[in-house]
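Report on one structure; see the data block that follows.
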Amino acid sequence: MIDEKIKTADIAKQVKYNCDISDAKYWGYFSLCGLLLRLRDLYKSEHNISPWSNINNKDIGDWITAKEALWTEIEEQGFMDLYINGHTFNPFDASEINSYLIKDNLIYGAGLGLYKKPVFFLGDLDSYNDNADYKAYFVKREYARCLFASSGMLQGKDIFIRLDPLKSLLWEMFLDMKCRKGGFLENIFSGSGITPEDAIDSEFEMKIEKIALRYSDIILNHEIAEAFNTTDEWSNIIFQIEDRKTEYFLRGLKDMIADTSEYGPLKKIIDAKDKGGLAFYISLAEMFHKTVYPELKEVFSAFAFNEDWSKLENARIQVFSKAILLKNNILETRRMSRNEEEFIMAIKDIS
């Protein structure tokens, strides 16, 4: 057992170094408010503190100062290869790395996130399962991670569902529910016996963990639907684009296609008439997809009052059809554009 802890700590140190290099190079991509929120979450993760625990302002202030100094020192450095059990790995070769880690119930993820920011993490493997041609890995406690931590991550044929970031999202939703004094958001928590008046204790923590496992299926369905609806040509356009606003728009469109497709989470939520799942999905949409097609947003707003699942299904179908049409127009525009600047200007005209 001691050897296992030493090995985990050694690998975590290597992964954390690459996380720090990525953050050093990309922290400026976030707004000041967004950066501070991500630093708070990263501090809690590095110190194994739950999302709902209070932190000492001086402690986190000193930590941020040290982190900024480290970023200045290493921002020009390249990523380090990982050394595991006498073998050396490229840090982006997650599949090969996991072939060595998974037997010890460790799981590693690496890829490119928003704005092509390199993303790495190391955590404990909770479980995994096969979904068609894809393997889904559920990650619990994380030992190393970057500033940006998405709950879902698709890399090749592997899907990573990260429960720690998901619990942080649920905590934000819980606080939102308390501020709004209940309402539709209560559907997320009521089935698990959580109310706005609940004390934040060990029982609350266990309930949140159960909710995270329940709603991890929504994240998983999104990633599977994204895989089914993404071609190499579409992926290459998003990867090659240098304009950040255009990349953000294209990624949002890709997410909307996945969510509203026949394979996506919204279809499954509607078929099951799952009010808790719908409330969770709407909250995610509010957090991450600021631009939602009007007909879908209007139905979301009205649903809390009329609970008309058929209108929601019709809106889903309409949005998916419009999103696919827009995607096809973008693909054709890219084929006809002579350069990126011309392509970006064309997207602004058709979006």
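Taking all protein chains into account, the per residue accessible area for the chain stands at 50 Å² (1.4 Å probe).
Measuring how big region 1-157 is from its alpha-carbon positions, Rg and Dmax come out at 15.8, 49 Å. Secondary structure note: in region 106-198, about 80% of the DSSP beta bridges are antiparallel.
Once the gyration tensor of the Cα atoms in region 6-99 is diagonalised, the equivalent ellipsoid follows with semi-axes of 26, 17, 12 Å, ordered largest first. With every protein chain in place and a 1.4 angstrom probe, the accessible-area ranking of Phe320, Phe121, largest first, reads Phe320, Phe121. The convex hull defined by the C-alpha atoms of region 210-268 has an orientation-averaged projected area of 4.4 nm².
Annotation: peptides 242-255, 77-90, ranked by per-residue average of other Cβ atoms within 10 Å with the highest first, follow the order 242-255, 77-90.
Using +1 on the beta carbon of Lys and Arg, -1 on that of Asp and Glu, and nothing else charged, what's the dipole of the chain about the Cα centre, debye to 20?
Its charge dipole is roughly 520 debye.
If you build a Gaussian network model of the chain, linking Cα atoms that sit under 10 Å apart, which residue out of Ala258, Ala136, Ala272 swings the most? Comparing Ala258, Ala136, Ala272 in the GNM, the peak value goes to Ala272. In the chain, the calculated helix contribution to ellipticity at 222 nm averages -20000 deg cm²/dmol per residue, counting -39,500 (n - 2.57) for every DSSP H run with n ≥ 4.
Go ahead and run the numbers for FRET between Asp133 and Lys58, Cβ-Cβ distance against an R0 of 56 Å, rounding to 0.05. Once the sixth-power term is evaluated, E becomes 0.65. According to the Kirkwood relation over distinct C-alpha pairs, the hydrodynamic radius of region 115-224 is 15.0 Å. Where the alpha-carbon atoms of region 174-261 are placed on the principal axes, they occupy 49, 24, 22 Å, in descending order.
Per-atom-type breakdown for the chain gives carbon and sulfur 51% of the accessible area (1.4 Å probe, protein chains only). Only lysine pairs 8 or more places apart, or on different chains, with alpha-carbon atoms under 15 angstrom apart are counted in region 44-145, and they number 4.
Region 185-259 and region 13-41 have Cα centres separated by 21 Å.
The protection proxy used here, the mean number of other Cβ atoms lying within 10 Å of each residue, ranks peptides 145-155, 335-345 as follows, highest first: 145-155, 335-345. For the peptides 277-283, 201-207, the ranking by mean Cβ contacts within 10 Å, running from highest to lowest, is 277-283, 201-207. How big is D, in µm² s⁻¹, for region 197-242 by Stokes-Einstein at 37 °C and 0.692 mPa s if Rh is the Kirkwood radius over C-alpha pairs? Calculated translational D: 242 µm²/s. Residue farthest toward the positive end of the dipole of the chain, with Cβ of Lys/Arg at +1 and Asp/Glu at -1: which of His87, Val139, Leu331? Farthest towards the positive end: Leu331. Taking 0.36 nm per residue of sequence separation and removing the Cα-Cα distance, the Ala272/Arg40 pair yields an extension gain of 79.9 nm. Listed by chain and number, the aspartates and glutamates whose alpha-carbon sits under 16 Å from that of Lys207, ignoring those within fewer than 8 places in the same chain, are Asp164, Glu172, Glu186, Glu197, Asp198.
The values are calculated or read from the model by the stated rules, or taken from the named source; none is laboratory data. The model shown is predicted, which means the values in this text are computed figures rather than measured ones. Heads up, the Cβs are rebuilt from the backbone with ideal geometry, glycines too, and the neighbour counts pull from every protein chain shown. To get the accessible areas, we keep the full protein, side chains included, count just its heavy atoms, and leave off ligands, DNA and RNA. Shrake-Rupley method; radii C 1.70, N 1.55, O 1.52, S 1.80 Å.
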